[in-house]
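Derivation of every value follows stated rules applied to the coordinates shown; laboratory data play no part. Just so it is clear, the structure is predicted and the values come from calculations on it, not from any experiment. Virtual Cβ from ideal backbone geometry, glycine too; neighbours counted across all protein chains shown.
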Amino acid sequence: MAKAYASAVIDAPIETVWEIVRDFNGLPNWHPAIARSEIEDGLSGSDVGGIRSFYLTDGAHVREQLLSLSDSDHSLSYNFVKPAFPVKNYVAGIRLLPITDGNRTFVEWTATFDEEPADAGKYVEIISTHVFAAGWTALQAKVCG
């Protein structure tokens, strides 16, 4: 099983960062790769079980389902319904932790998934760098810009 991971420190209080991240439909507001998004079936961006249908800036269509959302733990998890990459058993999570020194936030984004043997490690790098780390860089710019 492959694992993608990226973490960062955001120079803002956890409440500020969580308010942005917890909206499962809010990626277009802070992630540069997401062009537009909607939650299917009239649900909200905080309804567990809801499916976000979104388009990447390159036109690719992706669907993901919110599996968990915890305001007390500042965490959420989701899986692919229609993958962005040719992987299987993809489950991702975001978790935030307060950094009391400077009132900042530690953020981490992780995913586990299965790759085809010929692709071993390929999607770990793409997801870790171009999805997760790029997202944290853009979120830092949004909350501190």
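For the range 104-127, the candidate set comprises residues that are hydroxyl-bearing (Ser, Thr, Tyr) and either buried (at least 19 other Cβ atoms within 10 Å of the Cβ) or free of Cβ contacts under 8 Å to residues at least 40 places away in the same chain (or both); within that set, the residue that is nearest to residue 4 (Cα to Cα) is 123. For the range 51-103, which residues satisfy the criterion of being touching a residue at least 40 places away in the same chain (Cβ under 8 Å), over 16 Å from residue 4 (Cβ atoms) and either assigned to a loop (DSSP other than H, G, I, E, B) or among the aromatic types (Phe, Trp, Tyr) (or both)? Of everything in the range 51-103, those that are touching a residue at least 40 places away in the same chain (Cβ under 8 Å), over 16 Å from residue 4 (Cβ atoms) and either assigned to a loop (DSSP other than H, G, I, E, B) or among the aromatic types (Phe, Trp, Tyr) (or both) turn out to be 71, 74, 102, 103.
Before we move on, is residue 48 in a loop (DSSP other than H, G, I, E, B) and surrounded by fewer than 16 Cβ atoms within 10 Å (Cβ to Cβ)? Step through it out loud before you land on a result.
On the way: in a loop (DSSP other than H, G, I, E, B): yes; surrounded by fewer than 16 Cβ atoms within 10 Å (Cβ to Cβ): yes.
Considered against the rule, which asks whether it is in a loop (DSSP other than H, G, I, E, B) and surrounded by fewer than 16 Cβ atoms within 10 Å (Cβ to Cβ), residue 48 comes out as yes.
Considering the conditions (1) within 18 Å of residue 14 (Cα to Cα); (2) out of contact with any Pro (no Cβ under 6 Å at 6 or more places or on another chain), residue 115 is excluded by exactly one of them, (1). When residue 14 is tested against (1) touching a Gly at 6+ places or on another chain (Cβ under 6 Å); (2) touching a residue at least 40 places away in the same chain (Cβ under 8 Å), only condition (1) is not met.
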